[in-house]
Amino acid sequence: MFLGVNVDHVATVRQARGTAYPDPVEAACLAAAAGAHGITVHLREDRRHIQDADVWAMRTGQPLPLNLEMGNSPEIVEIALNVLPDEVCLVPEKRQELTTEGGLDVVAQYEALENSCCRFRDAGIEVSLFIDPDPVQIEAAISLRVPLIELHTGTFCERQGQERQACLRELVRAAEQAHAAGIQVNAGHGLNLENLRDLFPVPHLHTLNIGHSLIARALMVGMTAATKEMLDLMSEY
Ligand code: PXP
């Protein structure tokens, strides 16, 4: 199982004061040295944390494959096609949300997504779709012939007990459905050192993208230790 470290919230701390520090690229380098496998940044339309210059700096300033998380808006698509990250993960984006809320409605946005997926594919960028563990949405992702999906684990992480078990069953079915169609299955949102073990029954998980909890933990123990702790736990998968 691979770890993609989302460093958005390093930029959140920087933007809070308009300083030049802390530097998300430096955090990415520390995560890389600690054994992470990829770096994720989300260039939001409102630029609340990651800025355009960060995305360019990530391209050359750190050694890991870069996953650019983004809404499917014309402005951000053009930026992605210029920066050429290794991977883009298309997510729904609402201005007022605290963080990404739920997966893409691939069915409702099929044509717009198809158009962007083709452009990214032609540019040599791998496309991932962030989706809920819903069989209808996964079927639509299969029709779009994306090489990977990221299953939204946010609801699973928020629930407890029986409700979490019900979410788990949906995630298991979704992972099996996508894997059977030859799609790489990633997952992310809301994962932390406390809830991650509960996700382990989900088969075929390739990469976990983890941000907020890891950066929060890094405030206490440092980026290197926080990355290693997560990798140690993931090694039990
Ligand atoms: N994956 C996607 C698609 C996301 O939108 C986010 C949040 O930016 C994450 C993973 C990471 O979530 P968290 O910060 O809760 O670990």
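Quick notes on this structure:
- For the pair segment 41-67 / segment 1-39, the C-alpha centres are spaced 10 Å from each other.
- Counted charge near Ala31, where neighbours are those whose Cβ lies closer than 15 Å (Asp, Glu -1; Lys, Arg +1): -4
- Were the residues from Arg47 through Glu236 laid out at 0.36 nm apart, the gain over their Cα-Cα distance would be 64.4 nm.
- Sequence-distant contacts, meaning Cα pairs under 8 Å at least 6 residues apart, place the relative contact order of the chain at 20 percent.
- Normalised size of segment 1-154, defined as Cα radius of gyration per 2.2 N^0.38 Å with N residues, equals 1.01.
- Take every Cα pair under 8 Å whose residues are at least 6 apart in sequence, average their separation, divide by the length of segment 55-104, and the relative contact order is 34 percent.
- Once C-alpha pairs closer than 8 Å and six or more residues apart are averaged by separation and normalised to the residue number of segment 121-187, the relative contact order reads 38 percent.
- Total charge dipole magnitude, segment 6-56, about the Cα centre, Cβ charges on Lys, Arg, Asp, Glu only, Debye to nearest 20: 140 debye
- Extension gain, Arg159-Gln15: 0.36 nm per intervening residue step, less the Cα-Cα distance, totals 48.7 nm.
- Selection of trypsin sites (Lys or Arg not before Pro), segment 50-156, meeting DSSP coil and at most 15 other Cβ within 10 Å: Lys94, Arg95, Arg145
- Around Arg217: net Lys/Arg minus Asp/Glu count, Cβ-Cβ under 14 Å: -2
Since every read-out is calculated from the coordinates, none of them should be taken as a lab result. This is a predicted model, so every value here is computed, not measured. So basically every Cβ, Gly included, is an ideal-geometry build from the backbone, and we count neighbours across all protein chains shown.
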